[in-house]
Amino acid sequence: MGGNTSYLADSDAWRVLVLAAWRLCRRLAAAMCLSCVAIAAHGATQSAGQGAPPTAPVPVATARAERRQVPVYANGLGTVQAWRTVTAKAQVNGYLDRIAFREGQDVHAGDLLAMIDPRPYAALLAQADAKRAADMATLANDQLNFQRDSALARDSYATRQQADNDQALVRETQATIQGDAAAIAQAQLNLDFCRITAPIDGVVGYRLVDVGNLIEASAQTPIVTIQQIQPIAVVFTLPEQQFSAVQQAQGQQRQGAGTLPVLAYTADAKTQLDQGTLVTPNNSIDTTTGTISLKAIFANPQRRLWPGQYVQARLQIGVQQDSVTVPVQAIQHGPDGLYVFLVGADGKVAQRPVAIGYQTDSLAVVTQGLNGGETIVTDGQSRLQSGTLVTQSAKPPAKS
């Protein structure tokens, strides 16, 4: 019984100690909360007294919306073609005796390209000359006989039939001499054909036949090909939907507005090669591709255009007067449409919705939203929103 009394006394003492420890922990936690609240309040008061740190302005590149005349172009992929192409072939048979050009050489009309052995044709010409000389002698004799027999016939010493026969022989011999003249001309022409000359100004290509080969007039392989590259042509295609605009521009051209300019660029559309004029569109639309083919001519003074080269052709079909223009990189795409960032007098930006009409690789025509003269952001827009303070830099900042 005494043992149980001692055990109960120990349990009550343990409960008292636990209760006291729990009350002490509650007091400590409450004191710590009060301290944190006081520290936070002190910090807020101190921050309110000093003010928030200023936000650094965002560097951007800017440009002005300008009013200007904007040429309107229709763009198409084209191929450079020689203005004229000639294949130099032999017109007579014979051995190729001489090549008078270098591959890639510039030649002019009349320059000697090649020579076929002329000796057989020179012999034929001499033979034709000799035959004509013999027939001329026969004609002289026939004419004397005709004169003599005609005189005798008048005095009845010869028949009239004899005189008529003499006259017929004279006319026959004269016809033979005319044939001789034609044979001489043909022989002379064949002899001239032994000299193969350039019919146009241009650039010769690779030599296709070597000296010593037997050349035949019926052969399909030419000796060389000549291409005229000054001037030169560009043939390009446009969608048939743009053909009406081309026709309208041509109508204005016929009324005195001048020729339609065509610009030739490299295939990547980065470098302008030359400027020319439109010659004509093709006489039909390609129904398989829905495109119309057009030809332009270029002076090509620096020979930057070469046959077979792919180019981007830009045909000017009009001019938009007094248009508000901005650089293409200023146009931003948002969920509600297109917009630009305007820089205000206070250095802060604001979004301005815009509508775009005609656009090139570098320029956009703004049809709604700008009047011209506004300062707009052209680079650095990814860090902006309405109200952002910006600083304008001469050099565009790196894109983030």
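Nothing in this text is a laboratory measurement; each read-out follows from the coordinates by a stated rule. All values derive from a computational prediction rather than experimental measurement. Positions of Cβ are generated from backbone atoms using ideal geometry, with glycine treated the same way; all protein chains shown enter the neighbour counts.
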Exercise for the section: Count the net charge of all other residues whose Cβ sits under 15 Å from the Cβ of Gly387, scoring Lys and Arg as +1 and Asp and Glu as -1. Expected result: +2
Practice task
Would you mind giving the three semi-axes, in whole Å and largest first, of the ellipsoid equivalent to the range 137-271 according to its Cα gyration tensor?
Solution key: 68, 27, 11
Practice task
Average the reciprocal distances over every distinct pair of alpha-carbons in the range 250-393, invert the result, and give the Kirkwood radius in Å.
Solution key: 18.7
Problem - Environment charge of Tyr265, counting only residues whose C-beta is closer than 13 Å and scoring Lys/Arg +1, Asp/Glu -1 - result: 0
Exercise for the section: Search the structure for amide H atoms under 5 Å from the amide H of Gln309, placed 1.01 Å from N in the peptide plane, and list their residues when 5 or more places away or on another chain. Expected result: Val80
